[in-house]
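Novice: Sharing a structure with you now.
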Amino acid sequence: MEINAFLAEKSRRTDEALYKIFDEWQGAPPRLIEAMKYSLFAGGKRFRPALVLGAADLVAGDDTCAIPAACAIEMIHTYSLIHDDLPAMDNDDFRRGKPSCHRAFGEALAILAGDTLVTMAFAVLTRTENLTVIREIAEAAGVCGMAAGQVMDLEAEHQKPSLSRLQSIHAHKTGALIRASVRVGAILAQANPQQLDALTQFGEHLGLAFQITDDILDVVGTPEKLGKPVGGDATKEKATYPSLVGLAESRRLAREAVESAIATLSPFGERADTFRALAHYLLSREN
Ligand code: IPE
Ligand code: IPE
Ligand code: MG
Ligand code: MG
Ligand code: MG
C-alpha cells in the first residue's frame, strides 16, 4: 500500500475510536474536554498509532486488537506535546497548525488537559486486559522513558553533549514511545519472541531517525508545512543533531538509522514492505 494511504487509513480508524472514547466520557468540565480535544484533533500525523496498528497487521494480519492501545499512545503523545510547548519548557506558541494549547486555553488548563490525557489513556488501556502492555507504556512514557528524556533535553540546553549522550536524550524523549508503539502492537497480536525482538530493534532505529529528522526540520522546514515554529532549537541552544554535527552529517546519520531499521525487518520478508516504506518516508517528510 502506498505509504500516505497507509497513514491515512490508520489515522482515520484511530480518530474514529478516539471520538467514541470522548463520547463515552460524561460529566467532565466542558472546558477541560474542549482543551483536550483541541490538541488531540488538531491534525497530528498519527505516526505512533500507525506503528501500533501496523505492527499488529504485520504479525497477525489484523489490527483490531490494537485499536485501544493506538488511541492511548496518541493521547500520551499529545499530552507530551502540550506540556513540551509550555513556557516552562520549550515555550512554543504554535502546534499542529494552531496556537498551542496554553495559548488558546491558558497555562493552568493546558497543564490539566495534559494530565487528563494521560490518566484517560490508562483508563482506555485497561480495555486491552493486558498488564504487560499497560506496564510497557507506563515505563516508556515515564521515569525511565519520555519524561526522563524531557528532563535530559532541558538539562542539555546551552551545552554541547557528546554524540552518545545526545543519542540517549533522543532515545528517551522520543525513541521510548516509538519503540513501545511497535512493541505493543506486536505483543497484542501475539508476536513470537523472534518477531518481538526484530520489531523492538526496528522501533529503536526508527525512533532515532524520527528525532534526527525532527531536529533537521527545525532548521530547514517551514512553519506552514510543519504546523509548528522553526528555528527555536537554535535560539534556545538545544542539543540537536544539526547543532552538534551539522546538517549534512545529520542527514547521513538519519539515513543510517533508517537503513538499520529496515535491516531488522528481513525475517518478515515482503510482508514488511509497508514498514520499509514508513522508515523511508522519514527521510523525505516535510511535517
Ligand atoms: C513531534 O512529534 C514531537 C516529537 C516527539 C519529535 P510528531 O512529529 O509526531 O508530531 P504530530 O503528532 O505529527 O503533531
Ligand atoms: C519533543 O521534542 C519530544 C517530546 C517528548 C514532546 P521537541 O521539543 O524537539 O519536539 P517539537 O519539535 O517541539 O515537536
Ligand atoms: Mg522539547
Ligand atoms: Mg519542543
Ligand atoms: Mg523539535
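Novice: Got at least one residue in the stretch 158-176 being part of a helix (DSSP H, G or I), more than 14 Å from ligand 5 (Cβ to nearest atom), crowded, with 24+ Cβ neighbours inside 10 Å and not polar (S, T, N, Q)?
Specialist: Yes, the stretch 158-176 contains at least one residue that is part of a helix (DSSP H, G or I), more than 14 Å from ligand 5 (Cβ to nearest atom), crowded, with 24+ Cβ neighbours inside 10 Å and not polar (S, T, N, Q).
Novice: Follow-up. Do we find a residue being within 16 Å of ligand 1 (Cβ to nearest atom) and among the charged types (D, E, K, R) anywhere in the stretch 109-122?
Specialist: No, there is no match, as no residue in the stretch 109-122 is within 16 Å of ligand 1 (Cβ to nearest atom) and among the charged types (D, E, K, R).
Novice: I'd like to verify a number: residues in the stretch 200-227 that are over 16 Å from ALA279 (Cβ atoms), assigned to a helix (DSSP H, G or I) and within 16 Å of ligand 4 (Cβ to nearest atom), how many?
Specialist: Total meeting the criteria: 6.
So that you can scan it fast, the table gives a plain yes or no per residue for (1) away from ligand 3 (no atom under 15 Å from the Cβ); (2) at pLDDT below 95; (3) out of contact with any Cys (no Cβ under 6 Å at 6 or more places or on another chain); (4) of a type in the set (S, T, N, Q):
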site: ALA88; (1), (2), (3), (4): no, no, yes, no
site: HIS102; (1), (2), (3), (4): no, no, yes, no
site: MET120; (1), (2), (3), (4): yes, no, yes, no
site: THR126; (1), (2), (3), (4): yes, no, yes, yes
site: THR132; (1), (2), (3), (4): yes, no, yes, yes
site: ALA138; (1), (2), (3), (4): yes, no, yes, no
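Novice: I want to confirm something. Restricting to the stretch 84-95 and keeping residues that are in contact (Cβ under 8 Å) with a residue 40 or more places away in the chain and surrounded by 21 or more Cβ atoms within 10 Å (Cβ to Cβ), which single residue is farthest from ligand 4 (Cβ to nearest atom)?
Specialist: Top of the filtered list is ARG95.
Novice: Now for a different question. With the requirement that a residue be among the aliphatic types (A, V, I, L, M) and surrounded by fewer than 21 Cβ atoms within 10 Å (Cβ to Cβ), what does the stretch 199-254 give you?
Specialist: ILE216, LEU217, VAL219, VAL220, LEU226, VAL230, ALA234, LEU244, VAL245, LEU247, ALA248, LEU253
Novice: For the stretch 186-198, state whether one or more residues are farther than 17 Å from ALA70 by Cα and either β-branched (Val, Ile, Thr) or in contact with a His (Cβ under 9 Å, 6 or more places away or on another chain) (or both).
Specialist: no
Novice: Going by what's in this entry, would ARG31 be described as of a type in the set (Lys, Arg), in a helix (DSSP H, G or I), closer than 24 Å to PHE6 by Cα and at pLDDT 95 or above?
Specialist: So ARG31 fails the test.
Novice: Looking at (1) within 16 Å of ligand 4 (Cβ to nearest atom); (2) buried (at least 24 other Cβ atoms within 10 Å of the Cβ); (3) within 23 Å of LEU199 (Cα to Cα), which one does VAL182 not meet, given that it meets all the others?
Specialist: Going through the list (1) within 16 Å of ligand 4 (Cβ to nearest atom); (2) buried (at least 24 other Cβ atoms within 10 Å of the Cβ); (3) within 23 Å of LEU199 (Cα to Cα), VAL182 breaks only (1).
Novice: Of the numbered conditions (1) part of a helix (DSSP H, G or I); (2) more than 12 Å from the chain's Cα centre (by Cα); (3) more than 16 Å from ligand 4 (Cβ to nearest atom); (4) in contact (Cβ under 8 Å) with a residue 12 or more places away in the chain, ASP197 satisfies every one except a single condition; which is it?
Specialist: Result: ASP197 fails condition (4) only.
Novice: For GLU24, which of the numbered conditions (1) away from ligand 4 (no atom under 16 Å from the Cβ); (2) in contact (Cβ under 8 Å) with a residue 24 or more places away in the chain; (3) more than 25 Å from ARG183 (Cβ to Cβ) fails to hold?
Specialist: So GLU24 meets the others, but not (2).
Novice: Which residue is nearest to the chain's Cα centre (by Cα), if the candidates are limited to the stretch 143-155 and must be buried (at least 19 other Cβ atoms within 10 Å of the Cβ) and in contact (Cβ under 8 Å) with a residue 60 or more places away in the chain?
Specialist: Step by step, filter the stretch 143-155, then rank; the result is MET146.
Novice: Mind checking whether some residue in the stretch 96-113 is within 13 Å of ligand 2 (Cβ to nearest atom), assigned to a helix (DSSP H, G or I) and surrounded by fewer than 24 Cβ atoms within 10 Å (Cβ to Cβ)?
Specialist: No - not one qualifying residue is present in the stretch 96-113.
Novice: To continue, here is another question. Quick one: ILE134 ticks every box in (1) of a type outside the set (Ser, Thr, Tyr); (2) more than 15 Å from ligand 4 (Cβ to nearest atom); (3) crowded, with 24+ Cβ neighbours inside 10 Å bar one, so which box is it?
Specialist: Condition not satisfied by ILE134: (3).
The values are calculated or read from the model by the stated rules, or taken from the named source; none is laboratory data. Predicted model, so just to flag it, every value in this text is computed and none were measured. Virtual Cβ from ideal backbone geometry, glycine too; neighbours counted across all protein chains shown.
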